[in-house]
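Heads up, the thing below is written out as structure tokens.
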């Protein structure tokens, strides 16, 4: 799994530690340590120091436990760095003056307590005054590296739509040593994932054809329909606005009047009988 961001340094100056973490793995360490802010503190006013510390223009050794653990600690000893230092016989640990014997050891991302055993390559060492000591050679043949078990798949990278999941395995079961070969292949594996479709509002498709008019004359109606499928709504998206059906009048022309004569020998007239027939 990917490491998270580094924490703030435990002190603003004088040598401290920071850490970062990762979740979801039982194969490798979940916490990683590093030294930080190794520059000496200068006090609020240069030349003056808080109680328990003394001002020095030059210091002839590591000023802090964190500095003892750095690879270039020896090179730092030759540099003059004015600042507030601990009195003789003590050294800074998170801004407190302690005997050097109380210093932990920061080794390859791990923090070891004083006196704790440390496996370093093909050696077994102890943490002594912030540095590795009393090392003895351990049995260490040529071992080819082997992959550990895969970690569980991560969560999908996207809450909806297409995303990615990944998982890891590590060349630690065992790790290669001596002239052994490293593991072959990638450390990470990816696959596509989808929790749910993303919300999408619907859109109307084209209108269909008009239906036949309900009558051939005298005024009728006809209709046509459309579907909300261009695209169809999904994932909680809104349905199309507006009616799915349209209706209009048709065949408004009047129907022709039918011959209504029912008496044999009578003749149809659109004007009706003469007025004298009603008198």
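The values are calculated or read from the model by the stated rules, or taken from the named source; none is laboratory data. Please read all numbers here as calculations on a predicted model, not as lab measurements. Counting neighbours? That spans all protein chains shown, and the Cβs are built from the backbone with ideal geometry, glycine included.
The single condition among (1) modelled with pLDDT of 90 or more; (2) within 30 Å of residue 143 (Cα to Cα); (3) assigned to a loop (DSSP other than H, G, I, E, B) that residue 179 does not satisfy is (1). Of all the residues in the range 85-114, those that are assigned to a loop (DSSP other than H, G, I, E, B), farther than 19 Å from residue 36 by Cβ and free of Cβ contacts under 8 Å to residues at least 24 places away in the same chain number 4.
How many of the residues making up the range 115-167 are more than 30 Å from residue 191 (Cα to Cα) and assigned to a loop (DSSP other than H, G, I, E, B)?
Of the residues in that region, 11 qualify.
For residue 168, the conditions (1) touching a strand residue (DSSP E or B) at 6+ places or on another chain (Cβ under 6 Å); (2) modelled with pLDDT under 95; (3) surrounded by fewer than 14 Cβ atoms within 10 Å (Cβ to Cβ) are fulfilled apart from (3). Mind listing just one residue for me: the one in the range 200-213 that is in contact with a strand residue (DSSP E or B) (Cβ under 7 Å, 6 or more places away or on another chain) and touching a residue at least 12 places away in the same chain (Cβ under 8 Å) and, of those, farthest from residue 245 (Cα to Cα)? So, considering only residues that are in contact with a strand residue (DSSP E or B) (Cβ under 7 Å, 6 or more places away or on another chain) and touching a residue at least 12 places away in the same chain (Cβ under 8 Å), the one farthest from residue 245 (Cα to Cα) is 200. Mind checking which residues of the range 171-189 are touching a residue at least 40 places away in the same chain (Cβ under 8 Å) and surrounded by fewer than 12 Cβ atoms within 10 Å (Cβ to Cβ)? If the condition is that a residue be touching a residue at least 40 places away in the same chain (Cβ under 8 Å) and surrounded by fewer than 12 Cβ atoms within 10 Å (Cβ to Cβ), then 178 is the only one that fits. Of the listed requirements (1) surrounded by 12 or more Cβ atoms within 10 Å (Cβ to Cβ); (2) more than 30 Å from the chain's Cα centre (by Cα), residue 249 misses just one: (1). When residue 129 is tested against (1) modelled with pLDDT of 85 or more; (2) at positive phi; (3) touching a strand residue (DSSP E or B) at 6+ places or on another chain (Cβ under 6 Å), exactly one condition is not met: (3).
Annotation note: Cβ proximity below 8 Å between a residue of the range 219-238 that is in contact (Cβ under 8 Å) with a residue 40 or more places away in the chain and a residue that is surrounded by 14 or more Cβ atoms within 10 Å (Cβ to Cβ) (sequence gap 6+ or interchain) occurs for 235/160; 235/198; 235/200. Is it the case that residue 220 is surrounded by 10 or more Cβ atoms within 10 Å (Cβ to Cβ), modelled with pLDDT of 80 or more and within 30 Å of residue 159 (Cβ to Cβ)? Considered against the rule, which asks whether it is surrounded by 10 or more Cβ atoms within 10 Å (Cβ to Cβ), modelled with pLDDT of 80 or more and within 30 Å of residue 159 (Cβ to Cβ), residue 220 comes out as no.
Among the criteria (1) part of a loop (DSSP other than H, G, I, E, B); (2) modelled with pLDDT of 80 or more; (3) over 23 Å from the mean Cα position of the chain (by Cα), the one residue 4 does not fulfil is (3). Scanning the range 173-207 for residues that are over 30 Å from residue 162 (Cα atoms) and more than 32 Å from the chain's Cα centre (by Cα) yields a total of 6.
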